[in-house]
Amino acid sequence: MNCNIKIYAIAFCEAAMSAKSKSDVDRCIKNLLVLVEANRDQKKLKDIFSSVEKIISRKTGHRKITIESARQLSHANEKRIKSLIKPTDRVEKKIDSRLIAGVKINIDDEFQLDGSFATKIKNILNLPC
């Protein structure tokens, strides 16, 4: 029986968030892995855990923010971006030389602010992204 990724994630989150100890959480993880294996859904594990992360972030109010830039951010840009980030946010910085210039900011892998040079050129020339 193949289960939907969200069903796995929601069930796991409900069980884990009602756990009273670390050993209860460990048991929830083991149970999830046993269920996924029994259903032969191991290929979905990465997406399941990604979905779990999103659900927990929403419930706790913590955001996952990924900042992608072509090179190390300048002190001024770093300061500007820090003003938008809450102390509870989890921030990951990535260098992506394919951007050439500019910055992409992803929030919870759902909302993207794309200030990359390539996107700006495509918008100016009216090209599909």
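The values are calculated or read from the model by the stated rules, or taken from the named source; none is laboratory data. No experiment lies behind these values; they were computed from the predicted model shown. Cβ atoms come from the backbone with ideal geometry, glycine included; neighbour counts cover every protein chain shown.
Looking at 14, 53, which is the one that is more than 30 Å from residue 119 (Cα to Cα) and not assigned by TED's automatic domain parsing to the domain that holds residue 113?
On the way: 53 fails: more than 30 Å from residue 119 (Cα to Cα).
The conditions single out 14.
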- Pairs only if they're at least six apart or on different chains, beta carbon under 7 angstrom, first in the stretch 26-49 and under 14 Å from residue 11 (Cα atoms), second assigned to a helix (DSSP H, G or I) and of a type in the set (Phe, Trp, Tyr); list them, first residue then second. 28/12; 32/8; 32/12; 36/8; 48/8
- Query: Does the stretch 40-52 contain any residue that is farther than 15 Å from residue 7 by Cα and aromatic (Phe, Trp, Tyr)?
  - Reply: no
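Which residues, counting only those in the stretch 7-18, are of a type outside the set (Ser, Thr, Tyr) and loosely packed, with under 14 Cβ neighbours inside 10 Å? Step through it out loud before you land on a result.
Here is the first cut: in the stretch 7-18, the residues of a type outside the set (Ser, Thr, Tyr) are 7, 9-17.
If the condition is that a residue be of a type outside the set (Ser, Thr, Tyr) and loosely packed, with under 14 Cβ neighbours inside 10 Å, then 7, 14, 17 are the ones that fit.
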- Sort out which residues of the stretch 16-58 are over 11 Å from the mean Cα position of the chain (by Cα) and among the acidic types (Asp, Glu), and write them in order of number. 24, 26, 37, 41
- Filtering the stretch 25-70 down to residues that are closer than 26 Å to residue 106 by Cβ, assigned to a helix (DSSP H, G or I) and of a type in the set (Gly, Ala, Ser) yields 50, 51, 57
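Kindly provide the set of residues from the stretch 71-105 that are in contact with a Phe, Trp or Tyr (Cβ under 9 Å, 6 or more places away or on another chain) and either part of a strand (DSSP E or B) or touching a residue at least 40 places away in the same chain (Cβ under 8 Å) (or both), ordered by number. Break it down into steps so the answer makes sense when it comes.
Within the stretch 71-105, the subset in contact with a Phe, Trp or Tyr (Cβ under 9 Å, 6 or more places away or on another chain) is 99-102, 105.
Within the stretch 71-105, just 105 meets the criteria.
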- Message: Among the listed residues 38, 19, 9, identify the single one that is modelled with pLDDT under 90 and of a type outside the set (Asp, Glu).
- Response: 19
- Query: Limited to the stretch 90-128, what total is found for residues that are out of contact with any strand residue (DSSP E or B) (no Cβ under 6 Å at 6 or more places or on another chain) and of a type in the set (Ser, Thr, Tyr)?
  - Reply: 2
